[in-house]
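Trainee: Handing you a structure now.
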Amino acid sequence: MSLLRRWFDPLRSRWFYQKPMRQVVLSTEHGLSIHLRLDDVYSYLAVQQLPELEEILSDELKPLKVIISSQKAEPPNDMSQVEWQNYCLNDAQILSKQHRFSFHETPEQPPTEAIQQAETILRNTPLRGQDFLYLLEDVFHMLWQKQYGKLRTLYAMASRHHPAQDFPERIFNDDAVLASYFELSDRKYHAVDDLLRLVRRLKQQKQLTGNPIFLINHIDWREHLISDAEELNEIQALDPELDLYIALEDPISWLLLAYIKEELANYYNIHLNVYPLSYHGRDLFDWSLATRLSKRTEVTFTPFCRPTQSATCDMARLFYSVPEEQRVEAMYRILQAVWTKGQDMSFKAHFEQLKRDLEINELTHEDITAKLQENDILCEMKSQPDFPVLELRIDGQSYVFNSLYRVWMIESIFSNVLEDQYKSENDDSNDEERKM
């Protein structure tokens, strides 16, 4: 690693961390817009929030601009279109259950004919403002709830009685859109995952006229869903196990591992397993976003020194040189040295110091590249679009999810497991009563 990067990274990270959060006031000159696709399931979840959001927007941001694209972006992480669609449907089903969105029990992609009919309805309607947003929500319901008869009826009326409309707040284009997102002053916010962050931004800039109530079952950082001692004991007794597949050059891996280890593992008696991955070039990250996440998760993140491909191999060698039962703690300390102390593991002095700190007498002779490639294959089999990848096993079931955006699923799954157990116990009790 170059001397410039080794010394400049910690200075730059300290500057990002120390500057006031949300110092810049985002311009509202171009208003607030949401980008949708009719065949995007996240768009379906997003439109269910739009009438309520538009109602409390300041006049400066009204009307909410709706941009509907007909073009899909390429799936992330080398996933096929089928893999991406299956992932999205499953993920949206989880989000709908957690946040009480309307959703079909067996969702599927709407057929092309239905999408074309829906677009004609939305192009031709003279409705504007909230009336249009309610129609937009209804049309998405028809598409994703398989109400194709209603859709055909509405399409027949729209195509016969109204020509295509031209309103500045309603745009149809072919921009490549992967999943629905909001846009404010050139900043993008995932339509579901970043909704609360967007709302906080709008509230901070006094662009809301009322208190928003979105994602009512959102689990915030450092807040536990399960606090009852008896319920907590029941989860701990199930010995949950969590696998983490992490890219060592990715700062989100440090934030996630540190948060889970510090806040969740001991609390719920989770047995952690860590699987480092080959270098994926994820060190070109958004510094301000990572800094903001560290403040929200209360995980230290400065000063740091971004690992190169060579450094990640050295980090993995240290990891595999400690006994297996000590590896989670070792990875925690390795990532901590990199992301909070500015240590460069490709620099011999830093490497040797951490080797002594970990009490490693002899480095492993294993083929580290082969070990990382084995982990890559295991991770790819999970078919997830982003890192880190997590697999939680509890009560005979396995649950796979990814990224810092889905850490809340750990506690949500625990809650659902308890609920299912209580239902099963009640059913057994009722059966016994009927027999008597």
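None of the figures in this text is laboratory data; all of them are computed from the coordinates on show. From a predicted model like this one, the values you see are computed outputs, not experimental measurements. As a convention, Cβ positions derive from the backbone with ideal geometry for all residues, glycine included, and neighbour counts pool all protein chains shown.
Trainee: Taking 37 °C and 0.692 mPa s as the conditions, I'd like the Stokes-Einstein D for the chain in µm²/s, using the Kirkwood hydrodynamic radius from alpha carbon pairs.
Mentor: Rounded, D is 135 µm²/s.
Trainee: Of all beta bridges DSSP finds with both residues in the chain, what is the antiparallel percent, to the nearest 5?
Mentor: The antiparallel fraction comes to roughly 55 percent.
Trainee: Assuming 1.306 mPa s and 10 °C, estimate D for region 32-204 with Stokes-Einstein, Rh taken as the Kirkwood radius over Cα pairs, in µm²/s.
Mentor: Translational D for this selection: 96 µm²/s.
Trainee: Let me ask something else. Multiply the residue separation of Asp395 and His162 by 0.36 nm, subtract the distance between their alpha-carbon atoms, and state the gained length in nm to one decimal.
Mentor: Extending this stretch completely gives an extra 78.3 nm.
Trainee: Relative to the longest principal axis of the chain, what angle (0 to 90°, nearest 10) does the C-alpha long axis of helix 148-161 take?
Mentor: Between the helix axis and the principal axis of the chain, the angle is about 50 degrees.
Trainee: Output the 0 to 90 degree angle, nearest 10, between the alpha-carbon long axis of helix 348-357 and the longest principal axis computed from the alpha carbons of the chain.
Mentor: 80
Trainee: For Leu32, enumerate residues with amide H under 5 Å from its amide H, sequence gap 5+ or separate chain, H modeled in the peptide plane.
Mentor: Excluding prolines and chain starts, which carry no amide H, the hits are Lys65.
Trainee: Region 231-247 to region 303-368: how many Å between their Cα centroids?
Mentor: Cα centres, region 231-247 to region 303-368: 26 Å.
Trainee: So what are the ³J(HN,Hα) numbers for region 320-327, from phi and the Karplus equation (6.51, -1.76, 1.60; θ = phi - 60°), rounded to whole Hz, Gly and Pro as x?
Mentor: 7, 8, 9, x, 4, 6, 9, 6
Trainee: Pairs on different chains or at least eight residues apart, Cα atoms closer than 29 Å: how many lysine pairs in region 32-204 fit?
Mentor: Step by step, the pairs that qualify in region 32-204 add up to 17.
Trainee: Which residues' amide hydrogens lie under 5 Å from the amide hydrogen of Gln343, considering only partners 5 or more residues apart or on another chain, with H built in the peptide plane?
Mentor: Here the answer is Cys305, Val338, since their amide H atoms fall under 5 Å of that of Gln343.
Trainee: In bins 5 Å wide, starting from 0, what share of all Cα pairs of region 229-413 does each bin hold, as a percent?
Mentor: For region 229-413, the pair-distance distribution reads 1, 8, 17, 21, 21, 16, 10, 5, 1, 0, 0.
Trainee: Sticking with this structure for a sec: For n ≥ 4 DSSP H runs only, could you compute -39500 (n - 2.57) per run for the chain, divide by its residues and tell me the 222 nm figure to the nearest 500?
Mentor: Calculated mean residue ellipticity at 222 nm is -15000 deg cm²/dmol.
Trainee: Most fluctuating residue of Arg296, Arg222, Arg356 in a GNM of the chain with Cα springs under 10 Å: which is it?
Mentor: In this elastic network of the chain, the residue with the biggest mean-square fluctuation among Arg296, Arg222, Arg356 is Arg356.
Trainee: What's the angle, to the nearest 10 degrees (0 to 90), between helix 81-99's Cα axis and the longest principal axis of the chain?
Mentor: Helix 81-99 and the main axis of the chain meet at about 80 degrees.
Trainee: Calculate the dipole size of the chain relative to its Cα centre from +1 charges on Lys and Arg beta carbons and -1 charges on Asp and Glu beta carbons; express the result in debye to the nearest 20.
Mentor: Roughly 2080 debye, rounded to the nearest 20.
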